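K.L.:
Below are the structure tokens for one structure; questions will follow.
Since every read-out is calculated from the coordinates, none of them should be taken as a lab result. Every value quoted in this text rests on a predicted model; they were computed, and no experiment measured them.
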Amino acid sequence: MGLYLQGLTMGFAYIAPIGMQNLFVINSALTRTRRNALITALIVVFFDVALSLSCFFGIGALMQSHPWLEHIVLGLGGLAVIRIGLGLALPRKGQSPANQSEPAPHMAAGGSETQSSAATAQIPNRHLGVRGLLRTIGTACAVTWFNPQAIIDGTLMLGAFAATLNAQQTTPFITGVETASVLWFFGVTLLVNTFAHKFSPKILTLLNRACGWVITLYGVKLLIDFTLAVL
């Protein structure tokens, strides 16, 4: 039980500072129905669990022994992250800036026919659809696996701790880490989504674009790191 709690604590310490994943999950919780936001959280949890397991069992050592692999992650990660960020910050005309397959989950107040129509238009789709689901999977993969900082932090925190455990101690510890991932992302999603209706569509749009620009700047940073590493 003690090792499980240690893993749980370590898991929270590992997940909380990873801004890319958290921004993506918060954006989803603000702009999607609770059902769709929880689906997004589940997809992020899947990729996060896969990454933490990889870090725990030595992916960081693999990257250190093969510098070209780190260069690929930096380069492709930077491009993918910039594309995701610009898609949020500069949505195409006529599409929701938060999710191009879903409008913002905010209903206009008032009783007029015009306001009622606007409210109806802003109700999110009940289902993500195949394109929306594939886009969510791709984005969740990118913000998790194309994030060198997450890999580095995971290697330093989880990989280092793994070296101190024997085979019998590994299971309860890593189970605690994965439990933290589930609790964190689902907790953040439910909390943010619960209060999302209190924001007007204009505020939601501004928040969404702010998230997009932050993600874009992070992608630029990755490309700069990639250029410096290659040179």
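K.L.:
How long are the semi-axes of the equivalent ellipsoid of the stretch 148-209, defined as square roots of 5 times the Cα gyration tensor eigenvalues? Whole Å, largest first.
P.N.:
For the stretch 148-209, the ellipsoid semi-axes come out as 37, 15, 5 Å.
K.L.:
With a ≥ b ≥ c the root eigenvalues of the C-alpha gyration tensor of the stretch 175-231, is it rounded (a/c under 1.5), prolate (a/b larger than b/c) or oblate? Intermediate results must be reported in sequence, preceding the final value.
P.N.:
Numbers: a/c = 8.19, a/b = 1.31, b/c = 6.24.
Cα axes put the stretch 175-231 in the oblate bin.
K.L.:
Apply the Karplus parameterisation 6.51 cos²θ - 1.76 cosθ + 1.60, with θ equal to phi minus 60°, to every residue of the stretch 168-178 and state each ³J(HN,Hα) to the nearest whole Hz, in sequence, with x for glycine and proline.
P.N.:
In residue order, the calculated couplings are 6, 8, 5, 4, x, 5, 5, 5, x, 4, 5 Hz.
K.L.:
Compute the convex hull volume of the Cα atoms of the stretch 135-174, divide it by the residue count, and report the result per residue in Å³ as a whole number.
P.N.:
About 72 Å³ per residue, rounded to a whole number.
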